[in-house]
Amino acid sequence: MDTDRCAVEAVLFDLGGTLIKTSEIPAVLKRILQHQGISRSLEEISLAWDAAEKKFDFQELTTLLDEFWVQLNSYVLTQLNVLSDRRELAEFITTRWWDFSEVALYSDARTVLPALKEKGLKMGVVTNGLQSDVAQILPKIGLQNFFNVVVVINT
């Protein structure tokens, strides 16, 4: 194969863990619960989250979409003995998650992405997240209009 004739025209990046770092899930849940006047230890929240991870089939996310997170969050709340207004709070956690999660672009990505763009490469981001998540994440890191294509698990 003649490698001189192969030209890279596009680059795809994974979002979470490659371009961005986010808060740990139990820490975000703790902040949300505190905002709602509910006090639970990080250890309690971690145990509830671990139980949810074992109970829920994350492949269902592709069909249930946001409802998957509402059901999972409701289960976590049950594990934490938060029983009043559980569905409403689970919906709040789902829709406001990114308001309470710290999201940051990795420093390498901060320098590499503009350099690749300057070379005229088309760029895309691929994630196993939902469109609703990406729509909140990209503006938080200043990349809402940066990528030529964004591929998510739902359209």
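Leu42 - would you say it is outside the structural domain of Trp69 (by TED's automatic domain parsing) and more than 16 Å from the chain's Cα centre (by Cα)? Considered against the rule, which asks whether it is outside the structural domain of Trp69 (by TED's automatic domain parsing) and more than 16 Å from the chain's Cα centre (by Cα), Leu42 comes out as no. Pick out, from segment 36-155, the helices (runs of 4 or more DSSP H) lying fully within it that include 3 or more residues that are aromatic (Phe, Trp, Tyr). So the answer is 66-79, 86-100. Beta carbons closer than 9 Å, at least 6 apart along the sequence or on distinct chains, pair a first residue in segment 54-71 that is on the phi > 0 side of the Ramachandran plot and assigned by TED's automatic domain parsing to the domain that holds Ala90 with a second that is modelled with pLDDT under 95 and of a type outside the set (A, V, I, L, M, F, W, C) for Leu65/Gln131; Leu65/Ser132; Leu65/Asn154.
Considering only residues in segment 111-127 that are surrounded by 14 or more Cβ atoms within 10 Å (Cβ to Cβ) and either basic (Lys, Arg) or under 9 Å from the mean Cα position of the chain (by Cα) (or both), the one that is nearest to Leu15 (Cα to Cα) turns out to be Thr127.
The values are calculated or read from the model by the stated rules, or taken from the named source; none is laboratory data. As the structure is a prediction and not an experimental result, all values here were calculated from the model. When we count neighbours, we look across all protein chains shown, and the Cβ atoms used for this are built from the backbone with ideal geometry, even at glycine.
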